[in-house]
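Working notes, structure below.
The values are calculated or read from the model by the stated rules, or taken from the named source; none is laboratory data. Keep in mind that this is a model prediction, so the values were computed, not measured. Reconstructed Cβ throughout: ideal geometry from the backbone, glycine too, with neighbour counts over all protein chains shown. Note: areas computed on protein heavy atoms with side chains; ligands, DNA, RNA excluded. Shrake-Rupley method; radii C 1.70, N 1.55, O 1.52, S 1.80 Å.
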Amino acid sequence: SLISDILELPANIIVEIIPQITVQIAHSDSLIRNVVARILMKFGEKHYQALFYPLKLYEHCDAAKAKASHDILLSLHKLHKEEAADANLFVDGMLSAAISWFEMWIIALDTASKAHHDNNIQKMDKILNHMFAQYDKPKCDLDRLFIRKHDQMIKQCRSLFNEHSGRSIRSMWDVFKHLFSQLNDRVKRLELILLPKVSEQLATKRGFKIAVPGTYSVLHSVPNLECIEPALQVLGTQQHPRCVFMISSSGEKVKFLLKGNEDIRLDQRVMQFFTLINSIMNRIRTTRELGAQIVKYAIIPLSPMAGLITWVTGADTLHQMISEHRLLHNTLQNIEFSILEDKVGLFFNNLTFAQKLETFREISRECEANEIRDALWSRAPNAAMWMSQSLNFTVTTALMSMVGYVIGLGDRHPSNIMVQRETGRVIHIDFGDSFESTIMRASFPEMVPFRLTRMIVNALDSSTIEGIFRK
């Protein structure tokens with residue numbers, strides 16, 4: 001029967017579609033629910049690590065999925081006690097490090113304030129009730145530091161919230177405004193998260209029984225995780241992601257981006273789609289010979305609002321390449337904006353379309369836009385390598401332009417497109433704005449199908465789209 005055939009599928013096929021299987025663990029149809037549980041149990045008996053992260057994240061979802069995932073993991077836990085203990089310790093520690101109470105309260109206050117402004121008192125109450133309940137259960141030293149710093153204000157707000165009159169709620173928000181301001185200043189200055197402050201046990205742990213996240217294979221053994229470096233650098237971008245270094249048992253140091261307050265499951269599905277595209281490109285002789293393959297990297301969601309992404313090493317963003325080239329040649333970093341300001345000042349948005357186009361053409365005459373091309377040339381150790389890198393740049397730019405169009409990928413600014421130093425291959429990162437979300441937005445919609453600016457065209461194989469790019 002079909003069910004027995006599905007149950008007999010080899011592990012290397014099952015592992016490719018684990019996210020699509022686990023999402024059905026609480027299906028309304030009992031037959032499907034039972035088949036899913038049987039598939040996962042059979043697969044998990046031998047490959048617990050490949051199943052742990054996809055199931056663990058559902059413990060933070062709705063009650064039905066949380067119970068179903070918990071039951072399966074509990075059954076598998078008996079067969080993999082050491083792996084389960086280490087995996088749970090790892091995930092709990094990473095989630096605590098991903099977003100601190102300082103950041104959590106900023107997000108909660110911002111959301112609750114908007115609900116209050118929209119007169120949605122029920123939503124405001126729900127958010128604040130949750131935060132006050134959590135406040136009574138500090139889990140680590142960083143949580144206790146938050147309490148020491150802000151206990152008086154939180155208690156005052158809780159008292160006013162419990163009173164819940166019009167006057168007390170207004171007074172509560174007056175206090176919360178001061179708290180929000182203090183937290184904002186503190187988070188802006190946050191440069192480092194010390195792992196011992198969020199999970200002493202994880203920071204001191206050596207010799208894990210689990211593989212480095214994203215490296216587990218159902219086909220062969222891989223090195224285990226040895227330890228995690230205790231200092232996590234906080235990046236200065238909007239969501240304040242952390243840089244995490246993990247050391248494998250073979251001595252390799254692997255760099256990860258730990259994201260909090262962001263659902264990276266979409267990015268994970270996009271990577272699955274890239275795997276499919278690569279398999280198609282590999283079947284066709286022409287594309288196979290051209291090396292038309294998308295560079296992939298591991299994405300491991302730990303919860304619906306946090307996860308790990310393997311850091312793309314040996315690559316620079318287009319922004320970095322352009323900035324470094326301009327610095328080297330004593331060119332203004334924002335030369336286009338400088339010329340624009342000289343020509344039209346602050347009135348660019350008030351110009352007609354024809355006037356904007358003419359302004360663009362004037363700036364184009366002054367700025368040749370050869371930075372990416374010249375950067376590729378100057379980095380290549382010899383002419384043969386430059387030709388190879390130039391071909392790779394063209395092929396992967398063309399491939400990602402098509403794939404990006406298919407998935408409606410937007411937000412392709414120069415910091416979301418990277419180029420490998422040794423190969424010249426283009427790598428795209430951050431797929432949060434997929435399915436034409438940027439085309440549909442009300443303000444500043446992105447109307448182009450993909451990014452193909454003068455700088456990119458000039459860096460192509462023959463500085464034109466007519467050739468390998470179009471082919």
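A compact table of results
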| item | result |
| --- | --- |
| Scan of the stretch 266-283 for residues that are of a type in the set (A, V, I, L, M), open to solvent by 40 Å² or more (accessible area, probe 1.4 Å) and closer than 23 Å to Pro54 by Cα, ordered by number | Leu266, Leu276 |
| Test: Ile247 is in a strand (DSSP E or B) and surrounded by fewer than 19 Cβ atoms within 10 Å (Cβ to Cβ) | yes |
| Test: Lys149 is surrounded by 13 or more Cβ atoms within 10 Å (Cβ to Cβ) and farther than 22 Å from Met305 by Cβ | yes |
| Residue match in the stretch 67-77 (condition: in contact with a His (Cβ under 6 Å, 6 or more places away or on another chain), surrounded by 14 or more Cβ atoms within 10 Å (Cβ to Cβ) and under 23 Å from Val212 (Cβ atoms)) | no |
| Any hit, the stretch 88-108, residues being polar (S, T, N, Q), surrounded by 17 or more Cβ atoms within 10 Å (Cβ to Cβ) and in a helix (DSSP H, G or I) | yes |
| Residue among Gly432, Gly467 that is farther than 19 Å from Tyr297 by Cα and of a type outside the set (Lys, Arg) | Gly467 |
| The one condition in (1) farther than 20 Å from Val91 by Cβ; (2) under 26 Å from the mean Cα position of the chain (by Cα); (3) not in a helix (DSSP H, G or I) that Val254 fails to fulfil | (1) |
| Some residue of the stretch 419-434 being surrounded by fewer than 20 Cβ atoms within 10 Å (Cβ to Cβ), at pLDDT below 95 and under 30 Å from Asp342 (Cα atoms) | no |
| Unique match (being on the phi < 0 side of the Ramachandran plot and open to solvent by 60 Å² or more (accessible area, probe 1.4 Å)) among Ala63, Ala37 | Ala63 |
| Residue match in the stretch 434-456 (condition: touching a residue at least 60 places away in the same chain (Cβ under 8 Å) and within 21 Å of the chain's Cα centre (by Cα)) | yes |
| Number of positions in the stretch 321-346 that are farther than 30 Å from Ile427 by Cβ, free of Cβ contacts under 8 Å to residues at least 12 places away in the same chain and touching an Asp or Glu at 6+ places or on another chain (Cβ under 9 Å) | 0 |
| Yes/no for His178 being open to solvent by 90 Å² or more (accessible area, probe 1.4 Å) and farther than 25 Å from Leu232 by Cα | yes |
| Ser217 being among the hydroxyl-bearing types (Ser, Thr, Tyr), free of Cβ contacts under 8 Å to residues at least 40 places away in the same chain, farther than 29 Å from Pro138 by Cβ and open to solvent by 50 Å² or more (accessible area, probe 1.4 Å) | no |
| Pairs with Cβ under 9 Å, 6+ apart, first in the stretch 347-371 and without any contact (Cβ under 8 Å) to a residue 24 or more places away in the chain and charged (D, E, K, R), second assigned to a loop (DSSP other than H, G, I, E, B) and surrounded by 13 or more Cβ atoms within 10 Å (Cβ to Cβ) | Glu358/Leu351 |
| Residue match in the stretch 448-469 (condition: in a strand (DSSP E or B) and either at negative phi or in contact with a Gly (Cβ under 7 Å, 6 or more places away or on another chain) (or both)) | no |
| Any hit, the stretch 322-337, residues being exposed (fewer than 15 other Cβ atoms within 10 Å of the Cβ), over 32 Å from the mean Cα position of the chain (by Cα), outside any loop (DSSP other than H, G, I, E, B) and not aliphatic (A, V, I, L, M) | no |
| Selection count where residues are free of Cβ contacts under 8 Å to residues at least 24 places away in the same chain and in contact with a His (Cβ under 8 Å, 6 or more places away or on another chain), scope the stretch 220-246 | 0 |
| Residue in the stretch 250-265 that is farthest from Ile99 (Cα to Cα), counting only those that are open to solvent by 50 Å² or more (accessible area, probe 1.4 Å) and among the acidic types (Asp, Glu) | Glu252 |
| Qualifying residue in the stretch 187-201 (condition: open to solvent by less than 20 Å² (accessible area, probe 1.4 Å), under 22 Å from Ile107 (Cβ atoms), in contact with a His (Cβ under 9 Å, 6 or more places away or on another chain) and hydrophobic (A, V, I, L, M, F, W, C)) | yes |
| Residue within the stretch 22-31 that is surrounded by 17 or more Cβ atoms within 10 Å (Cβ to Cβ), modelled with pLDDT of 90 or more and either part of a helix (DSSP H, G or I) or of a type in the set (S, T, N, Q) (or both) present | yes |
